[in-house]
Amino acid sequence: MIETVGLGRSFNGKAAVEDLNLRVDQGEVFGLLGPNGAGKTTTIRMLSCLIKQSAGTAYVNGFEINKEPDAERIRSIVGVLPEAPGLYESLSAYKNLDFFTQLYGVKKDKRGKRIEELLRLLDLWDRRDEPVATYSKGMKQKIAIARAFAHDPEVVFLDEPTAGLDPQASLTVREFLMALKKEGRTVFINSHHLDEVERLCDRIAVMNRTALAVGSPKELARRYWGRTTVIELVDSRPQYIEAVKRLEFATNVRTEEGRLLVDLDDPELRNPVIIDQLTRAGARIEYVTELKRTLEEVYMKLLGGEGR
Amino acid sequence: MRFDRALTVAKKDLAEFRKNKYVMITIVLMPLIVSIVLPMVYVVPINQLSRQSTSDLDLSFDDVSGYYEEVTVTNAIIYDAEFEDVSIESSILRGCIVRNSTVVNSSISESRIELGTVENTILTRCDLVDLTADVGNTVRECNYVGGNPELEKLQTVMFNVLLILIVMIPVTIPTVTASYSFVGEKVNKSLEPLLATPVTDFELLAGKAGSIFVISMGATWLSFIVAVVMVNILTEPTLGYYPLPNAYWLAGVLLLAPGMCFMSIMANVIISSRVNDVRVSQQIGGVLILPVLLFFFFSLTGMLPSEVLPMLVFSGMVFVADAAIFRLSMAVFEREEILVNWK
Ligand SMILES: Nc1ncnc2c1ncn2[C@@H]1O[C@H](COP(=O)(O)OP(=O)(O)O)[C@@H](O)[C@H]1O
Ligand SMILES: [Mg+2]
């Protein structure tokens, strides 16, 4: 469990994080969403006792951050994926994981088993003895994530786990995280990809210096940025739009660039009804997709259009 | 302080050093040159100074024992005589006592030579007491009493130069290894995951500094032993005794070298916190050799005697500086400082 109480940190008089109040439950996968410079990394660094806070405090599994002897306890029960993988390039993946895990005081045979388990899960077991320098960016990131989980931490902090990865590598990293999610740890993920946290996290906080909104992805979507279904028709006629408008749950029905857009509270439930309605009206449907929001749009909404 | 964690860090660093060809070249090549190649170069003049042997003797008459004062002896073969204030040239003497005299181009054995000057002469099994000059002689199994001034002067220079180079090993190896160890870790961005582990700042510094200290001093002491053996093997036949190690050398290698090694490591920690380039770090680190060079400059020019006492005093000064620089590097090597201010 993580709890922050008025947590703040400034650099050279400028606040990077200010009055942050969050609660993350045991076993929860929590996403901290915010643009570059929002203070996400600073938050993770404070929570993992890497840098000190300048205001407030926080508790990780009951231990107070940056206060000895609690800080050393926190470091030993926490796993961290920093912004950069930070692996030793000349050493092998196995050696890298073994070294860090040993620093956490994990005994040799237990270490070996856990590292093998993680490397097999990542499909890197066969290349375990090759120097990390020969690995692709995505592979390095996977090793770094494995490192964060290797000593069986109670709480894991992941700072932008898929940043800078190509879509393919992002996907494997996300799948890996999904697999690890089953282990029931508290996981705290920083990200500036709305999409990513929506898929991985039980709950999300949107932050810019301080928390702007907190809730489950669905709640937040409904409350702040809504969900929009996009329907592409073979030919778009006014009567089709009228047919959809007749459905009372469909709000803000409109066309953009020949596509039909409908805002919905619960698209999973409502999409089939809309499609039925359209088909009955004689429309032929090419695609049905969900409109992807960018983080920037979310911010505009949250901050009432004043930008950030 | 958990020793096992410091040890884990040290072992990891050593594993990285093994994979780094620049580090390996420095660790292997530098001691090799200093301990094997340089002794060969440096002992040559020593041996030459001793080896310039006498010219062919043209002996025209034998002479007998007796007491001689203020005469000139040329082309003589003399046994069991005693000389005072004489000039001996191109002669062979055995079992004599020669006091306050000048000997040139001769061969003297089993004699005692006191307070004189001896040039281009073969000396075998003699007692040489307080000679004022001793130039170009071949000296075999002689016993110097009060010293051999010319040879000693040359030896002092040569051995000082060799000692400088040996003391440079523990200063230089850290500038290469520490720059990879600290700057490398910074450029690699591996300090952050390292600092996220329960390892304390001090354990981390101890592990990293310890691994560098061990390889630097290992290389230094190995070079020292090899250099001493080399010098002794190469000069003993002409000197008639083993010149090294003397107390001056031992103090240099056992006190000054580790003191400078520690200073070099700590200085490189501080430098590493401010630079992002291994080469820049090495260049700045090279400045550290200056105080050592200055000390040896005074020794070489004779402004400081090449004896134990100045070496002990200088080593003591280095230890004091070590303590100061250690406190400074502890302040620099601190989690918050590393993550926020190391650029
Ligand atoms: N070491 C530092 N020194 C000065 N300013 C910093 C430092 N680290 C972060 N900041 C500032 O704090 C703010 C938040 O940074 P960060 O936590 O890295 O944001 P994020 O991870 O969300 O992109 C930024 O404005 C950044 O410039
Ligand atoms: Mg960040």
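The values are calculated or read from the model by the stated rules, or taken from the named source; none is laboratory data. What you are looking at is a predicted structure, and each value in this text was computed from that prediction instead of being measured. Because the Cβ atoms are built from the backbone with ideal geometry, glycine has one as well, and the counts that use them run over all protein chains shown. These area figures cover heavy atoms from the full protein model, side chains too; ligands, DNA and RNA do not enter into them. Shrake-Rupley method; radii C 1.70, N 1.55, O 1.52, S 1.80 Å.
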(request) Report ³J(HN,Hα) in whole Hz for each residue of the range B:330-339, in order, from the Karplus equation J = 6.51 cos²θ - 1.76 cosθ + 1.60 where θ = phi - 60°; Gly and Pro get x. (result) 5, 5, 6, 8, 9, 2, 4, 4, 4, 7
(message) Run through the range B:128-214 and list the trypsin sites (Lys or Arg not before Pro) located in a DSSP loop whose Cβ has at most 16 other Cβ atoms within 10 Å.
(response) B:Lys189
(request) Among DSSP beta bridges lying fully in chain A, give the percent that are antiparallel, nearest 5. (result) 65
(request) Evaluate peptide B:183-196: per residue, the Cβ atoms of other protein chains within 10 Å of its Cβ; return the mean as an integer. (result) 6
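Which pairs in the list A:Lys14/A:Lys181; A:Lys40/A:Lys140; B:Lys21/B:Lys153 are over 32 Å apart, alpha-carbon to alpha-carbon? Present the calculation step by step, with values, prior to reporting the outcome.
Working: A:Lys14/A:Lys181 36 Å; A:Lys40/A:Lys140 22 Å; B:Lys21/B:Lys153 40 Å.
Cα-Cα > 32 Å for A:Lys14/A:Lys181; B:Lys21/B:Lys153; rest within.
Roughly how crowded by other chains is peptide A:95-107, in terms of the mean Cβ count from those chains within 10 Å of each of its Cβ atoms?
Mean shielding by partner chains, rounded to a whole number: 5.
At 1.4 Å probe size, put A:Phe63, B:Phe295 in order of accessible surface, largest to smallest. Could you put the intermediate results ahead of the total?
Details: A:Phe63 55, B:Phe295 10 Å².
Sorted by accessible area, descending: A:Phe63, B:Phe295.
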(request) Grab the beta carbon distance between B:Leu294 and B:Leu14, set R0 = 30 Å, and tell me the FRET efficiency rounded to 0.05. (result) 0.35
(request) Please work out how much accessible surface B:Asp127 shows to a 1.4 Å probe, ignoring ligands, DNA and RNA, in Å² rounded to 10. (result) 60
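Ignoring ligands, DNA and RNA, what percent of the 1.4 Å accessible area of chain A is carbon and sulfur? Walk me through the numbers on the way to the answer.
On the way: 6680 of 14050 Å².
Ligands and nucleic acids excluded, carbon and sulfur reach 48 percent.
Magnitude of the Cβ-charge dipole of the protein assembly as shown, K/R +1 and D/E -1, about the Cα centre, nearest 20 debye?
Details: 68 positive and 81 negative charges, 828 e Å.
Charge dipole of the protein assembly as shown: 3980 debye, to the nearest 20.
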(request) Provide the gained length on full extension for the span B:Asn143 to B:Leu254, in nm with one decimal, where the gain is 0.36 nm per separating residue minus the Cα-Cα distance. (result) 37.0 nm
(request) Return the long-range amide H neighbours of B:Asp80 (sequence gap of 5 or more, or a different chain), with a cut-off of under 5 Å between placed amide H atoms. (result) B:Arg94, B:Gly95, B:Cys96
(message) Compute a Gaussian network model of chain B, connecting alpha carbons closer than 10 Å, and tell me which residue from B:Ser190, B:Ser273, B:Ser181 fluctuates the most.
(response) B:Ser190
(request) Using a 10 Å cut-off on Cβ to Cβ distances, tally the other chain neighbours for every residue of A:76-88 and report the average as a whole number. (result) 5
(request) Convert each backbone phi in the range B:312-327 into a coupling constant with the Karplus relation 6.51 cos²θ - 1.76 cosθ + 1.60 (shift: θ = phi - 60°), then list the ³J(HN,Hα) values in order as whole Hz, x for Gly and Pro. (result) 5, 5, 5, 4, x, 5, 4, 5, 4, 4, 4, 4, 5, 5, 5, 5
(message) Is there a quick way to get the dipole size of chain B? I mean about its Cα centre, with the Cβ of Lys and Arg at +1 and of Asp and Glu at -1; what is the value in debye to the nearest 20?
(response) 2820
(request) Positive end of the charge dipole of the protein assembly as shown (Lys, Arg +1 and Asp, Glu -1 on Cβ, about the Cα centre): tell me which of B:Tyr67, B:Val104, A:Ser136 has its Cα farthest that way. (result) A:Ser136
(message) Can you give me the orientation-averaged projected area of the convex hull built on the Cα atoms of the range B:67-136, in nm²?
(response) 3.5
(request) Name the residues whose placed amide hydrogens come within less than 5 Å of the amide hydrogen of A:Ala211, ignoring near sequence neighbours (fewer than 5 apart) on the same chain. (result) A:Asn21
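For the protein assembly as shown, take the convex hull of the Cα atoms, compute a quarter of its surface area, and give me that in nm², please. Spell out each step's value before the answer.
Values: hull surface 158.5 nm².
Average projection, Cα convex hull of the protein assembly as shown: 39.6 nm².
Mean residue ellipticity at 222 nm from the helices of chain A, using -39,500 (n - 2.57) per DSSP H segment of n ≥ 4 over the full residue count, to the nearest 500 deg cm²/dmol? Present the calculation step by step, with values, prior to reporting the outcome.
On the way: 11 runs with 110 residues, N = 308.
My calculation for chain A gives -10500 deg cm²/dmol from helical runs alone.
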(message) Need one number: % antiparallel among DSSP beta bridges in the protein assembly as shown, to the nearest 5.
(response) 35
(message) Test of understanding: in a Gaussian network model of chain B with alpha carbons linked when under 10 Å, which of B:Ser281, B:Ser87, B:Ser35 would top the mean-square fluctuation ranking?
(response) B:Ser87
(request) Please work out the C-alpha center-to-center distance from the range B:255-302 to the range B:88-137 and express it in whole Å. (result) 47
(message) Which residue, B:Ser91, B:Ile215, B:Asn341, has the largest displacement toward the positive end of the dipole of chain B when charges sit on each Cβ (Lys, Arg +1; Asp, Glu -1)?
(response) B:Asn341
(request) Counting only C-alpha contacts under 8 Å and six or more residues apart, can you give the relative contact order of chain A as a whole percent? (result) 19
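Return a whole-number percent for the relative contact order of the range B:67-136, with Cα pairs under 8 Å and 6 or more residues apart as the contact set.
Numbers: 213 pairs, mean separation 15.3, N = 70.
Computed over the range B:67-136, the figure is 22 percent.
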(message) Leaving ligands and nucleic acids out of the surface, order A:Tyr94, B:Tyr144, A:Tyr88 by accessible area at 1.4 Å, largest first.
(response) A:Tyr94, B:Tyr144, A:Tyr88
(request) Measure nothing but the geometry: give the 0 to 90° angle between the long axis through the Cα atoms of B:149-178 and the longest principal axis through the Cα atoms of chain B, rounded to 10°. (result) 10
(message) I'd like the orientation of helix A:167-181 relative to chain A: the angle between its Cα long axis and the longest Cα principal axis, in ° from 0 to 90, rounded to 10.
(response) 70
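So how strong a dipole does the range B:67-136 carry about its Cα centre when Lys and Arg Cβ are +1 and Asp and Glu Cβ are -1, to the nearest 20 debye?
On the way: 4 positive and 13 negative charges, 58 e Å.
Charge dipole, the range B:67-136, about its Cα centre: 280 debye, nearest 20.
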(message) As a test question: what accessible area, to the nearest 10 Å², does B:Ile25 have when a 1.4 Å probe is rolled over all protein chains in place?
(response) 90
(message) Under a crude label model (7 Å from the Cα following the beta-carbon direction), how far is B:Phe3 from A:Lys108 in nanometres?
(response) 1.8
(request) Find the centroid of the Cα atoms in the range B:1-32 and in the range A:8-84, then give the distance between the two in whole Å. (result) 34
(request) Quick one: order A:Met1, B:Met1 from most to least accessible surface, probe 1.4 Å. (result) B:Met1, A:Met1
(message) If I model a spin label as a point 7 Å beyond the Cα along the Cα-Cβ vector, how far apart are those points for B:Phe319 and A:Leu171 in nm?
(response) 6.7
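Checking an interface number: how much accessible area is buried between A and B, summed over both chains, with a 1.4 Å probe, in Å² rounded to 100?
Details: alone 15300 and 16060 Å², together 28890 Å².
By this definition, chains A and B bury close to 2500 Å².
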(request) May I ask you to evaluate 6.51 cos²θ - 1.76 cosθ + 1.60, the Karplus curve with θ = phi - 60°, for each residue of the range B:204-219 and list the ³J(HN,Hα) values in order in whole Hz, giving x for glycine and proline? (result) 5, 5, 4, x, 5, 5, x, 5, 5, 4, 4, 6, 5, 6, x, 5
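Normalised by the residues of chain B, what does the relative contact order come to in percent, with Cα pairs under 8 Å and at least six apart? Please list the in-between numbers first.
Numbers: 637 pairs, mean separation 58.8, N = 343.
Reported as a whole number, the value is 17 percent.
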(message) Once you place label points 7 Å from the Cα toward the Cβ at A:Arg199 and B:Lys189, how far apart are they in nm?
(response) 2.2
(request) For A:Glu64, list long-range residues whose amide hydrogen, built 1.01 Å from N in the peptide plane, is under 5 Å from its own amide hydrogen. (result) none
(request) Taking only Cα atoms and a 10 Å spring cutoff, compute GNM fluctuations for chain A and point out the largest among A:Thr229, A:Thr210, A:Thr42. (result) A:Thr229
(request) Express in Å², to the nearest 10, the accessible area of B:Tyr241 obtained by rolling a 1.4 Å probe over the protein heavy atoms while all chains stay in place. (result) 90
